Amino acid sequence: MTTDSKSSSDQKPPYFATFFTLVAVVLLISLGFWQMQRAQEKQERVTQIEQRQSVSRLSLDTVLNEQDRRDLPFEVKGALQLDKVFLLDNRIETGQVGFHVLVPLETESGVLMINFGWIKANAYRDQLPQIQLNQDTYSFYGISAVPTHNPMVTETATASAPWPRVIQSIDLTLMSAFLDHPLLPVVMQLAPEHQMGFVRNWQPVVMAPEKHYAYALQWFGLALACVIIYFVALRKRRSKTHD
C-alpha cells in the first residue's frame, strides 16, 4: 500500500465509532427527556395531593364515584373484622423492619380495607406482633389510596395460612379471595391524628421532582461528554495522519 492510499484510508471517518457515539448520544438524550417527563408528572402529582387534601372530608360513596380515587380525604363508619387481619411485610420505618396492619371494615357501601400503619416486627420471623385494636370504634377517617400491582413482588400468602395473614403486596383481588367476599377498590390510609392504629408517616410521592431534574441533567451531561470525547479522539486521529 502506498503512502497516499494509507493516508487516504486513515482520513476516512471511523464509521463504527461514529455509529456507536450517535446511538449512545440519542439514548442518553432520550433518558434525559424521560426524566424531565417524570419530573413533570411528579410535580402534577404533588399539586394534586396538596389540592385534594385541603378539601373537607368526603363520603366513601363520593370517593368511589370519582374517576381518580387517589389522595382524597374521606370518612366512613362500620365494623372492623378483627379476626381477619393482614400484615403487609417488609415495611421500613426509621431503619427498622416491620409490617403495615390492614383490617377490613364492613360498611354500608361494601367492605373497605383500612391501613392502620406500621408496627415493628419481632426478632424472629415466626413470631408475629400482637395486634390490639378497639373493637368498639366505628368511625374512621383518612386518605384514599389505590394499590398498584408490582410484578416484581412474589406473593407467599396462601389460603390455608393462619390469621393474621402475612402478605407481600396489597392485592385486593387476592385479599378478596382470602376473605371470601369482594373488597372496595380503594384503601383508606388512616389519618395520623386518628386515635387508633400505629405509626403512620404516609408519603404518596416516593421521589421528589427535583431528583428527576437532577437525573435528567446527568443524562444530558453524559451525552455532551460522549460528543466531546468523540471529537477529541477524531482530532487526535487526524493529527496522527499528518505527522
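The values are calculated or read from the model by the stated rules, or taken from the named source; none is laboratory data. Since we're looking at a predicted model, the values are computed, not measured. When we count neighbours, we look across all protein chains shown, and the Cβ atoms used for this are built from the backbone with ideal geometry, even at glycine. Each accessible area value is taken on the protein alone, full model and side chains, heavy atoms only, with ligands, DNA and RNA left out. Shrake-Rupley method; radii C 1.70, N 1.55, O 1.52, S 1.80 Å.
Could you compute Rg(Cα) / (2.2 N^0.38 Å) for region 84-145, with N its residue count?
That ratio works out to 1.24.
Share of antiparallel DSSP beta bridges in the chain, in percent to the nearest 5?
Of those bridges, close to 75 percent are antiparallel.
Which value, in Å², gives the accessible area per residue of region 129-227 when a 1.4 Å probe is used on the protein heavy atoms?
Ligands and nucleic acids excluded, the figure is 59 Å² per residue.
Within the set of other residues whose C-beta is less than 10 Å from the C-beta of residue 107, count the net charge using Lys and Arg as +1 and Asp and Glu as -1.
Summing Lys/Arg as +1 and Asp/Glu as -1 gives -2.
Taking θ as phi - 60°, what are the ³J(HN,Hα) couplings along region 19-24 by the Karplus curve (6.51, -1.76, 1.60), each to the nearest whole Hz, with x for Gly and Pro?
Working through the residues one at a time gives 4, 4, 5, 4, 4, 5 Hz.
Quick check: residue separation of residue 232 and residue 202 times 0.36 nm, minus the Cα distance between them. What number comes out in nm?
5.8 nm
So what is the relative contact order for the chain, in percent, with contacts set as C-alpha pairs under 8 Å and at least six apart?
27 percent.
How much mean residue ellipticity at 222 nm does the chain get from its helices, if each DSSP H run of length 4 or more adds -39500 (n - 2.57) and you divide by all residues, to the nearest 500 deg cm²/dmol?
The per-residue figure over the chain is -13000 deg cm²/dmol.
Give the Rg/Rh ratio for the chain, taking Rg as the radius of gyration of the Cα atoms and Rh as the Kirkwood radius, to two decimals.
Using Cα coordinates only, the ratio equals 1.25.
May I ask you to derive the FRET efficiency for residue 210 and residue 127 from their Cβ-Cβ distance with R0 = 45 Å, giving the value to the nearest 0.05?
0.60
State the percent of C-alpha pairs, over all pairs in region 115-184, separated by a distance greater than 15 angstrom.
The share of Cα pairs beyond 15 Å in region 115-184 comes to 68 percent.
Before I look further, what does region 9-68 give for accessible area per residue, probe 1.4 Å, in whole square angstrom?
That works out to 71 Å² for each residue.
Run the simple label-point estimate for residue 18 and residue 179 please: 7 Å along Cα→C-beta, distance reported in nm.
Result for the modelled spin labels: 6.4 nm.
Points 7 angstrom from Cα along the Cβ direction at residue 83 and residue 26: gap in nanometres?
6.4
Check which residues have an amide H placed less than 5 Å from residue 58's amide H, if you skip close sequence neighbours.
Amide H to amide H, under 5 Å and 5 or more residues apart or across chains, residue 58 pairs with 74, 75.
Region 52-135: which trypsin sites (Lys or Arg not before Pro) are DSSP loop and have at most 10 other beta-carbon atoms within 10 angstrom?
Passing both the DSSP loop test and the Cβ count: 125.
Can you give the alpha-carbon Rg of region 152-217 over 2.2 N^0.38 Å, where N counts its residues?
Here the answer is 1.57, to two decimals.
If ligands, DNA and RNA are left out, what is the accessible area of residue 34 with a 1.4 Å probe, given in Å² to the nearest 10?
Per-residue accessible area (residue 34): approximately 130 Å².
Could you tell me the center-to-center distance, by alpha carbons, between region 170-243 and region 61-132 in angstrom?
25
So, with a 1.4 angstrom probe, what is the percent of accessible area on region 1-147 that is carbon and sulfur?
After summing per-atom areas, the C and S share lands at 52 percent.
As an exercise, find the ratio Rg/Rh for region 34-84 from alpha-carbon atoms, using the Kirkwood inverse-distance average for Rh.
1.16
Taking the Cα-to-Cβ direction at residue 70 and at residue 106 and moving 7 Å from each Cα, how far apart do the two end points lie in nm?
The two pseudo-label positions are separated by 3.3 nm.
In whole Hz, with x marking every Gly and Pro, tabulate ³J(HN,Hα) for region 181-195 from phi via Karplus 6.51 cos²θ - 1.76 cosθ + 1.60, θ = phi - 60°.
7, x, 10, 5, x, 10, 10, 8, 8, 4, 4, x, 7, 5, 5
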